[in-house]
Amino acid sequence: MSAAPVICIDGPSGAGKGTVSRALAAELGWHFLDSGALYRVLAIAAEDRAVALTQVDALAALAQALELAFDGDAMAERILLYGEDVTPRVRAEATGERASRLAAHPPVREALLERQRRFRMPPGLVADGRDMGTVVFPDAALKLFLIASPEERARRRAKQLSQLGLDANVRQLTAGIRARDERDRTRRVAPLQPAEDARVVDSTTLDIPGVLQQVRTLAAERGLTGRGMGTRS
Ligand code: C5P
């Protein structure tokens with residue numbers, strides 16, 4: 001049986017990956033993987049159990065054992081950790097920062113690998129992350145790498161946070177984004193970089209419908225038109 005097709009949308013935080021990949025998954029009727037949420041939830045679980053971000057073995061064991069569920073669809077999702085709704089904590093800036101630190105440990109990434117691959121189910125999967133195209137789904141039907149300037153990404157993040165009722169300071173966010181990019185790009189395993197066969201899309205001056213249109217066109221060129229059509233072996 002041929003594996004379900006995957007569309008990978010990788011790139012730095014705030015480039016629009018989340019919004020674009022959720023909208024695409026909904027449009028195609030495909031499954032959705034927010035891989036960053038797995039690292040974020042692990043950061044929360046570690047915090048709750050007083051596991052330090054440097055305790056690599058304990059973090060990897062926690063990653064293996066995580067009881068995590070995504071409730072709802074890609075457009076309105078709740079994230080449950082051991083049955084408790086942790087969605088607002090998952091989205092907090094501090095959680096992203098902690099997630100980026102623990103994501104640099106190879107055993108932690110390894111422990112989350114199979115869990116991510118289990119999201120690949122018919123009729124298809126849209127996967128959002130940093131290493132979807134390079135490590136997790138190297139045989140994906142379409143790989144996109146979405147970028148935008150750090151300032152624009154900080155502005156978008158500030159808007160998102162204020163919509164969630166959380167504090168936002170654009171200058172601080174820009175500095176945080178630059179630091180996180182640097183760590184994600186220079187880490188030893190699965191550094192943030194486009195796969196060789198990825199298409200790079202710059203969203204700095206494009207709005208979401210504009211990016212989505214480009215992505216839709218690239219997907220259609222590969223016969224990935226939704227509801228299982230375009231499945232390839
Ligand atoms: O995408 P998001 O901001 O939710 O990811 C939080 C952090 O998790 C990133 O800064 C990155 O360090 C890490 N991450 C990763 N690989 C992924 C997704 C996220 O290393 N596939």
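The values are calculated or read from the model by the stated rules, or taken from the named source; none is laboratory data. This structure is a prediction, so every number in the text was calculated from the model and none was measured. Glycine also receives a Cβ, built like all others from the backbone with ideal geometry; neighbour counts cover every protein chain displayed.
State whether one or more residues within segment 84-93 are under 16 Å from G14 (Cα atoms), more than 11 Å from the ligand (Cβ to nearest atom) and in a helix (DSSP H, G or I).
no
Name the residue that is farthest from R156 (Cα to Cα), counting only residues in segment 8-19 that are buried (at least 24 other Cβ atoms within 10 Å of the Cβ) and out of contact with any Gly (no Cβ under 7 Å at 6 or more places or on another chain).
I9
Quick check: is even one residue across segment 46-58 farther than 30 Å from Q172 by Cα and either of a type in the set (S, T, N, Q) or in a loop (DSSP other than H, G, I, E, B) (or both)?
Among the residues of segment 46-58, not one is farther than 30 Å from Q172 by Cα and either of a type in the set (S, T, N, Q) or in a loop (DSSP other than H, G, I, E, B) (or both), which makes the answer no.
If A45 meets every condition in (1) surrounded by 15 or more Cβ atoms within 10 Å (Cβ to Cβ); (2) away from the ligand (no atom under 16 Å from the Cβ) apart from one, which number is that one?
Unmet for A45, out of (1) surrounded by 15 or more Cβ atoms within 10 Å (Cβ to Cβ); (2) away from the ligand (no atom under 16 Å from the Cβ): (2).
Scan segment 1-38 for residues that are within 8 Å of the chain's Cα centre (by Cα) and in a helix (DSSP H, G or I) and jot them down.
The answer is K17, G18, S35, G36, A37.
A179 - would you say it is touching a Lys or Arg at 6+ places or on another chain (Cβ under 7 Å) and either part of a helix (DSSP H, G or I) or buried (at least 17 other Cβ atoms within 10 Å of the Cβ) (or both)?
no
What are the residues in segment 157-173 that are within 15 Å of the ligand (Cβ to nearest atom) and not aliphatic (A, V, I, L, M), if any?
R157, Q160 - these are the residues of segment 157-173 that are within 15 Å of the ligand (Cβ to nearest atom) and not aliphatic (A, V, I, L, M).
Each row is one residue, and each column tells you yes or no for (1) within 13 Å of the ligand (Cβ to nearest atom); (2) of a type in the set (A, V, I, L, M); (3) assigned to a helix (DSSP H, G or I).
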site: L80; (1), (2), (3): no, yes, no
site: E97; (1), (2), (3): yes, no, yes
site: R109; (1), (2), (3): yes, no, yes
site: L112; (1), (2), (3): yes, yes, yes
site: V126; (1), (2), (3): no, yes, no
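So in segment 144-157, with the set limited to residues that are under 15 Å from the mean Cα position of the chain (by Cα) and surrounded by fewer than 24 Cβ atoms within 10 Å (Cβ to Cβ), which one is farthest from E196 (Cα to Cα)?
Per the stated criteria, the residue is R157.
What's the total number of residues in segment 182-210 that are more than 16 Å from the ligand (Cβ to nearest atom), β-branched (V, I, T) and surrounded by 14 or more Cβ atoms within 10 Å (Cβ to Cβ)?
Number of matching residues: 1.
Among the residues of segment 109-130, write down those that are crowded, with 24+ Cβ neighbours inside 10 Å and out of contact with any Lys or Arg (no Cβ under 7 Å at 6 or more places or on another chain).
Correct list: G124, L125, V126, A127, G129, R130.
Quick check, is Q55 farther than 18 Å from V189 by Cα, modelled with pLDDT of 95 or more and among the polar types (S, T, N, Q)?
So Q55 fails the test.
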